[in-house]
Amino acid sequence: MSSSRPSRASRSLRKRPPAKLADDLDYDLETLLNEHEKSGVDYRAKRDAKKQKTGQSEEDEKYADAFKGYDIPFDALPALCIERIFAMLDSPQDLYNLAFSSKFLTSLVTPEAVIRSAVFNNLRKRDKGNRKIMTNVMGYISNRSIHVPSAHRMLRLLNAKSCERGDRCWGKNLNTGKAMALNRNSCNRPFGLALCDKCVKFGTTKVPYSHFSRFQRGVAFHQWNLLMNPSRDPKSGEVNGPLIEVLELQQIENTYANNDDKKSALEGIVQKALTNDGKYCPMHYEEKALAYHEMYENAEKEADEHVACALEKDQQKYRERREERIAKRMTRIRSIYASLEEILDDCPLKDVALDCRWLESDERCVKFSCHVVEQKLGNIISAPASASERSINNAAESIKQIFNTLHEKNFFAFSYIENSGNRFRRGIYEYCANETTPLEIMQSSMAGDVHFMQALEEDKPVRALIRAINRMRGALPRIFALSVMRNNPDAPEAENDENRVDDFRKLAEVVWNKKAPNHYGSEVMSFNTIKETFNTSVEEFRVMKKNVKDYLRDDQTRRFLQRDNAIQGRDNFSRQDALDQAFVPKTHTVW
């Protein structure tokens, strides 16, 4: 069975032995297995030596076998070294399993190691798990309301699975003899004890919210109005949990009427409890509690700094990945934009169609000004890497067709509405020719849609223009103002004051906004609605204009303007400002 190449044991044992060995009466299977095992050991030794040699420098190879076979037991390490190792553990469960594996390791557990293991166990979840349990216990210690637990007891509190009252547990199972399990979702240790829900419900005393001791230092409360007596360990005789009994608090409540007397009596009982049942005298108790609190604060600060540093690193990595992703998208989108420029090269309205704003720090990378272009290229821009040349060409041809139609119909010359006898259409022409641009019109969400292009093809450019203007904010009120208030060069200079024309136009815009139904809504005003709104607004504006003129011509108004004293309580509000309010009345009041 010898072979020049060693083979695996499992594969060789599955093979049937040769016939000459099978027929040999002296065939020994144990000898065969030993030979095969030896060849396997040699093979694995060569393989491990090859792996170890790979990637090593000459200096590493020199000292590779220096410490071979030199093993140190964990409990043989120096005590300071073991304490440092304990302080690096971020799991109370691991610390518990390791510490209680021998008496020597148990003696090296320090409160700082326990506190750090709880705080660093779930760094980014302050209100869950072991960190929340430690916060709850440290709250009682900071209030000096419980006996300061030892490092071993704190470790057991963190890893507690069942109620620590044992035979006195209210939820004990008599068949199994086990105490009730703790609620997994709860991170509280009421009164510094590991209590089940039944013991909290039936083993505590509820006091009224007016009880003097609810906010007193030295009194351990749970859920604001639950008190409990101290717990004594039947085996060790150690007293844990609250410092004083509920009976003593109630006796203080019944005996004294003054709060200062109650506080003095409470302090005396706390001192007595520490002297009789505590592990530390009152002075040492304060020092121990303060030391625990400092350890906890330092661990919390270090944990928060660690989390902040980790978050900063994550954010930095995210920013780098995002910048890299944006750079790749920008490169692809610029190539798409170059293709669009090439296809629209012979389009007269190319500048309007391809007007855009490059977003260097945004994943969209580009924002086209024309709504129809943005809509046509939406899918391509959202996923430029997967955009095919065919889809880009189709979108570009569709955009080119729309703008070629606009040019062929001479849409932006507005000659089809220039000499109209209708006041509203004259206002539209004045607005489009003097106060807006083709680019602003094409920014409308209705410009270039199906109904817009259908109206152009049917030689109804006015209908298409009104449809586009319908979606331009402030366009219809301004058109109405231009329609009803026009500059008259033949009128006297006093009546044709430019400022007054502008003021009356502001008043006209207010009237339109008052009469227009749902002018800020999502629905588009129909042509009939625009016509009805225009007629009613004209009548309303005529009345408002007459009233304002009569008010300004009144003698009392002129005398009001000539007074020098300011309006009472309005230092920065002139009398001219008061008169100007007539042109911009509040729309929510009754005129």
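Give R332, R321 a once-over and let me know the one that is closer than 30 Å to V366 by Cα and open to solvent by less than 70 Å² (accessible area, probe 1.4 Å).
R332
Give me the helices (runs of 4 or more DSSP H) completely within the stretch 328-422, filtered to those with at least 3 residues that are out of contact with any helix residue (DSSP H, G or I) (no Cβ under 8 Å at 6 or more places or on another chain), ordered by residue number.
By residue number, 389-408.
Give the residues of the stretch 147-162 that are under 38 Å from the mean Cα position of the chain (by Cα) and of a type in the set (A, V, I, L, M, F, W, C), sorted by residue number.
Result: A151, M154, L155, L157, L158, A160.
List the number of the failed condition for K313; all other conditions in (1) open to solvent by less than 100 Å² (accessible area, probe 1.4 Å); (2) more than 30 Å from N254 (Cα to Cα) hold.
(1) is the only condition that K313 fails.
Show the residue pairs meeting these rules: Cβ distance below 7 Å; 6+ apart or different chains; first residue within the stretch 352-370 and in contact (Cβ under 8 Å) with a residue 24 or more places away in the chain and within 20 Å of E440 (Cβ to Cβ); second residue of a type in the set (G, A, S) and in a helix (DSSP H, G or I).
C370/A353
Restricting the search to the stretch 248-299, which residues are of a type in the set (F, W, Y) and outside any helix (DSSP H, G or I)?
Y256, Y280, listed by residue number.
Can you give me the number of residues within the stretch 106-140 that are more than 17 Å from P92 (Cβ to Cβ) and buried (at least 20 other Cβ atoms within 10 Å of the Cβ)?
1
Determine whether I428 is of a type outside the set (G, A, S), closer than 30 Å to E324 by Cβ and touching a helix residue (DSSP H, G or I) at 6+ places or on another chain (Cβ under 7 Å).
no
Exactly one condition in (1) of a type outside the set (F, W, Y); (2) without any contact (Cβ under 8 Å) to a residue 60 or more places away in the chain; (3) in contact with a His (Cβ under 6 Å, 6 or more places away or on another chain); (4) buried (at least 18 other Cβ atoms within 10 Å of the Cβ) is false for P348; which is it?
Of the numbered conditions (1) of a type outside the set (F, W, Y); (2) without any contact (Cβ under 8 Å) to a residue 60 or more places away in the chain; (3) in contact with a His (Cβ under 6 Å, 6 or more places away or on another chain); (4) buried (at least 18 other Cβ atoms within 10 Å of the Cβ), the odd one out for P348 is (4).
If you scan the stretch 99-149, which residues turn out to be more than 22 Å from D304 (Cβ to Cβ), basic (K, R) and part of a helix (DSSP H, G or I)?
K103
Identify all residues within the stretch 225-268 that are open to solvent by less than 50 Å² (accessible area, probe 1.4 Å), more than 48 Å from the chain's Cα centre (by Cα) and of a type in the set (A, V, I, L, M, F, W, C); write none if there are none.
Result: I252, A265.
So how many residues does the stretch 437-459 have that are surrounded by fewer than 15 Cβ atoms within 10 Å (Cβ to Cβ) and not in a helix (DSSP H, G or I)?
3
Do you know which residues across the stretch 143-156 are touching a Leu at 6+ places or on another chain (Cβ under 9 Å) and either within 30 Å of L77 (Cβ to Cβ) or open to solvent by 30 Å² or more (accessible area, probe 1.4 Å) (or both)? Even if it seems obvious, please write down each step before you answer.
We begin by selecting, within the stretch 143-156, every residue touching a Leu at 6+ places or on another chain (Cβ under 9 Å); these are 144-147, 149, 155.
Passing the criteria: P149, L155.
Could you please find all residues in the stretch 280-310 being basic (K, R) and open to solvent by less than 90 Å² (accessible area, probe 1.4 Å)? If you could, list the steps in order and put the result at the bottom.
The first filter runs over the stretch 280-310 and keeps only residues basic (K, R), leaving 288, 301.
Selection gives K288 alone.
What is the number of the single condition among (1) out of contact with any helix residue (DSSP H, G or I) (no Cβ under 6 Å at 6 or more places or on another chain); (2) open to solvent by 60 Å² or more (accessible area, probe 1.4 Å) that A160 does not meet?
With respect to (1) out of contact with any helix residue (DSSP H, G or I) (no Cβ under 6 Å at 6 or more places or on another chain); (2) open to solvent by 60 Å² or more (accessible area, probe 1.4 Å), A160 is out only on (2).
Criterion first (modelled with pLDDT of 90 or more and either closer than 16 Å to R505 by Cβ or crowded, with 20+ Cβ neighbours inside 10 Å (or both)) does R463 satisfy it?
Values: modelled with pLDDT of 90 or more: yes; either closer than 16 Å to R505 by Cβ or crowded, with 20+ Cβ neighbours inside 10 Å (or both): no.
When the stated conditions are applied, R463 does not pass them.
So which residues in the stretch 220-231 are touching a Gly at 6+ places or on another chain (Cβ under 9 Å) and free of Cβ contacts under 8 Å to residues at least 40 places away in the same chain, if there are any at all?
The answer is M228, N229.
Mind listing whichever residues of the stretch 171-199 are more than 15 Å from H222 (Cβ to Cβ) and either buried (at least 17 other Cβ atoms within 10 Å of the Cβ) or touching a residue at least 60 places away in the same chain (Cβ under 8 Å) (or both)?
G171, K172, A179, M180
The values are calculated or read from the model by the stated rules, or taken from the named source; none is laboratory data. Remember, it's a predicted structure, so these values are computed and weren't measured experimentally. Using ideal geometry, Cβ is built from the backbone for each residue, glycine included, and neighbour counts are taken over all protein chains shown. Keep in mind that these areas ignore ligands, DNA and RNA; they rest on the heavy atoms of the full protein, side chains included. Shrake-Rupley method; radii C 1.70, N 1.55, O 1.52, S 1.80 Å.
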